[in-house]
Amino acid sequence: MTNQQLQQRKQAVIARGQGNLYPVYVQQAKNAEVWDVEGNRYIDFGTGIAVCNTGHAHPKVVAAAQAQLARFSHSCLMINPYAEAVELAERLTRLAPGSSAKKAIFVSTGAEAVENCIKIARAHTRRRGVIAFNGGFHGRTNLTMGLTGKVAPYKHLFGPFPADIYHVPFPMAAHGIRTEQALVALRNLFKVAIAPDDVAAIIIEPVQGEGGFYPAPPELLKALRQLCDQHGIVLIADEIQTGFGRTGKMFAMAHSGIEPDLITMAKGIAGGLPLAAVIGKSEIMDAPLPGGLGGTYGGSPVACAAALAVLDIIEQDNLCQQANVIGEAFAVRLTALQQDFPQRVAEVRQLGAMIAIEFMQNGDKEQPDAALTQQIIGKAAAHGLILLSCGFYGNVLRFLPPLTIEADVLQQGLDKLDVLLRSVLAA
Ligand SMILES: Cc1ncc(COP(=O)(O)O)c(C=O)c1O
């Protein structure tokens, strides 16, 4: 069966809304390498959107999941719990930034974690309003779609939208949007649309993922913390893309020293098994009544066992430190490209192994080059690379390599990337 044949079969039976970036069908994957059904090899700089931080099919994750699967695969955390979930909650509450006593809940997807944060914040505050940021991405379910700050493709055709959600600008230095503008917009919102004592939560990504890898300035996080403390608002950090060593720390909020009230976790948590969590201050987490949170599969024992192995690997292999080494290697190459193509490369951004390059036309940052980005994605597979795009304007390439990538595979991948980008930029 070829990639093309499978793509035709897929298009006949899977709705176009669940589209795929590459018509490349995976046969096997190992750490940072992926092989398709035709035997072609790719270096994976996307890790299934920041999921396989510990690489594909890490032997320790495979062994942990297999052993758990053989013992039992499901009993339902809400019916007969198991030690793996308790141990994982103990470890995650210890690892989450800040010194407050914390508790956890487990669900299955990132969007579900975000939804539960809003439920918990509303139960705790007895308020309705939620504030999110332009360009933020929080999921595709009805409530999280409402929080997501980008219309196409996430909201288009899907209204009406959930009520009581407000958006304010997210600072983007490259586009002249500063922290002060975000704070002025918040103050205006409190005058124009909703009183602060009617706001349950403010949700922010410490580094916008889908939005384009723009880091939240520490002064913004500090100001949000003060504002939330002043008005009794719950501060939620959405660490779904930034967590588990990706940015050079276990969680990206640790860069700022700010402790959020609730944190969402998913993606890198369990090496590819569907698992997500909310970790937060105990008194807030305990606001909903028993039975108000959870779900049939939330905190699957197989996923929890895999997650415990993931945490061991991150610690034992110093993957936070490794994220910085990998990020630096990318930054050196991408910065050289920026110097060679100053009219087309608007900015290189990097926090640990969350790395991005933004493209523009005519040396003007306000002329985003989404077409160029698409052209690169269109050629990546032929160059043996899996690359992802992102960005409020669709003009950003983002790199999310496994933190376990071997040094020689990383260099090979960077060489391929260099050839690809130079060929497109010089054209
Ligand atoms: C920051 C952030 N929040 C929420 C989500 C939604 O997670 P999921 O796709 O697992 O529902 C994502 C997914 O990309 C994300 O990056």
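Readers should treat all values here as calculations from the given coordinates under stated rules, not as data from a laboratory. The shown structure was predicted, so the numbers you read here are calculated from the model rather than taken from an experiment. FYI the Cβ positions are ideal-geometry reconstructions off the backbone, even for glycines, and counts take in every protein chain you see.
Go through region 217-249 residue by residue and tally those that are crowded, with 23+ Cβ neighbours inside 10 Å and within 25 Å of V310 (Cβ to Cβ).
13
In region 8-34, how many residues are aromatic (F, W, Y) and more than 13 Å from A382 (Cα to Cα)?
Adding up the residues that qualify gives 1.
Of everything in region 310-324, what is over 20 Å from the mean Cα position of the chain (by Cα) and either surrounded by 18 or more Cβ atoms within 10 Å (Cβ to Cβ) or under 30 Å from D415 (Cβ atoms) (or both)? Give them in sequence order.
Passing the criteria: Q316, D317, N318.
Find the residue count for region 136-164, including only residues that are on the phi > 0 side of the Ramachandran plot and within 10 Å of the ligand (Cβ to nearest atom).
Residues that pass the stated criteria total 1.
Check region 11-30 and report whether any residue there is surrounded by 13 or more Cβ atoms within 10 Å (Cβ to Cβ), aliphatic (A, V, I, L, M), within 16 Å of the ligand (Cβ to nearest atom) and touching a residue at least 40 places away in the same chain (Cβ under 8 Å).
Yes, region 11-30 has at least one match.
Here's a check for you: in region 102-130, which residue that is in a strand (DSSP E or B) and away from the ligand (no atom under 16 Å from the Cβ) is nearest to V199 (Cα to Cα)?
G129
Given the condition outside any helix (DSSP H, G or I) and within 16 Å of the ligand (Cβ to nearest atom), answer yes or no: does some residue in region 177-194 qualify? Write out each step before concluding.
Of the residues in region 177-194, the ones outside any helix (DSSP H, G or I) are 177-178, 193-194.
Subset that is within 16 Å of the ligand (Cβ to nearest atom): none.
For region 177-194, residues outside any helix (DSSP H, G or I) and within 16 Å of the ligand (Cβ to nearest atom): absent.
Which ones in region 42-94 are of a type in the set (F, W, Y) and under 28 Å from I326 (Cβ atoms)? Spell out the reasoning first.
Applying the first criterion (of a type in the set (F, W, Y)) to region 42-94 yields 42, 45, 72, 82.
Across region 42-94, the qualifying residues are Y42, F45.
Given the criteria touching a residue at least 24 places away in the same chain (Cβ under 8 Å), basic (K, R) and assigned to a strand (DSSP E or B), does R398 qualify?
Judged against the criteria, R398 is a match.
Would you mind telling me which numbered condition in (1) out of contact with any Ser or Thr (no Cβ under 6 Å at 6 or more places or on another chain); (2) touching a residue at least 40 places away in the same chain (Cβ under 8 Å); (3) away from the ligand (no atom under 14 Å from the Cβ) R225 fails?
(2)
Can you tell me which residues in region 104-127 are touching a Gly at 6+ places or on another chain (Cβ under 8 Å) and under 14 Å from A287 (Cβ atoms)?
If the condition is that a residue be touching a Gly at 6+ places or on another chain (Cβ under 8 Å) and under 14 Å from A287 (Cβ atoms), then I105, C117, K119, I120, A123, T125 are the ones that fit.
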